[in-house]
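Just so it is clear, none of the values below were taken in a lab; they were calculated from the coordinates. Nothing here was measured: the structure is a model prediction, and the numbers come from that model. Every residue, glycine as well, gets a Cβ built from its backbone with ideal geometry; the counts of neighbours run over all protein chains shown.
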Amino acid sequence: MEKNKLALKYDKMTIKEAQKFVDDWINNNGVRYFNVLTNMAMLTEEVGEVARVVARTYGEQSFKKSDKGKDLAEELADVLFVLICISNQTGIDLQKAFLKNIEKKGKRDKNRHKRNPKLKK
């Protein structure tokens, strides 16, 4: 599907829809999911690529020739794709888990960060 058509079709995709999209993509374009341990290693690798871009863009490291063309958005999307793969493989409804996590943080951290003197302007 053409890039713009894909963006228009999935512009307001939910996490649940993203999980279905990835599952359909794996089943139509791949042979099967890699096993969970392989995907965990791939997730670690992708997070490392995010760290590399951040360290060079926002940190003090300089870019190498091999870093040219690396895009933070693309690297974060790679992390999301593998994370969704692991969620699909392990039967986790990531949208439900995310909302539950946000609810937990809302209760636990309601005033914690406001009281943190390290975060004062």
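Pick out, from Val50, Ile26, Ile102, the residue whose Cα sits farthest towards the positive end of the charge dipole of the chain, with +1 on the Cβ of Lys and Arg and -1 on the Cβ of Asp and Glu.
Farthest towards the positive end: Ile102.
How much mean residue ellipticity at 222 nm does the chain get from its helices, if each DSSP H run of length 4 or more adds -39500 (n - 2.57) and you divide by all residues, to the nearest 500 deg cm²/dmol?
-21000 deg cm²/dmol
Between Val54, Val79, Val31, find the one with the highest GNM mean-square fluctuation for the chain; connect C-alpha pairs within less than 10 Å.
Most flexible of the set in this elastic network: Val31.
So the label point goes 7 Å from the Cα of Lys16 along Cα→C-beta, right? Which residues of region 64-103 then have their backbone N under 14 Å from it?
Zone members listed by number: 92-100.
Please report, in debye to the nearest 20, how large the charge dipole of the chain is about its Cα centre when each Lys and Arg carries +1 at its beta carbon and each Asp and Glu carries -1 there. Mind showing how you got there, number by number?
Numbers: 26 positive and 17 negative charges, 228 e Å.
With only Lys, Arg, Asp and Glu charged at Cβ, the dipole is about 1100 debye.
To the nearest 0.05, how large is the calculated FRET efficiency for Lys121 and Glu60 if R₀ is 35 Å and r is the Cβ-Cβ distance?
0.90
I want to check the label-to-label distance for Asn27 and Ala51. Put each point 7 Å from Cα in the C-beta direction and report it in nm to one decimal.
Using points 7 Å along Cα→Cβ, the separation is 3.6 nm.
Could you calculate the FRET efficiency of Lys70 with Asn111 from 1/(1 + (r/R0)^6), where r is the beta carbon distance between them and R0 is 41 Å, rounded to 0.05?
That gives a FRET efficiency of 0.60.
Among [x] 1.34; [y] 0.99; [z] 1.04, only one was calculated for this model; which label is it, if the read-out is Rg/Rh (Cα atoms, Kirkwood Rh)?
Among [x] 1.34; [y] 0.99; [z] 1.04, the one calculated here is [z].
Taking only Cα atoms and a 10 Å spring cutoff, compute GNM fluctuations for the chain and point out the largest among Asn35, Asn88, Asn111.
Evaluated over the chain, the most mobile residue of the options is Asn111.
If a helix is a whole DSSP H run, which ones in the chain reach 18 Å or further along their own axis (Cα) and hold a mean Kyte-Doolittle hydropathy of at least 1.0?
Qualifying helices, which must be both long enough and hydrophobic enough, are 72-89.
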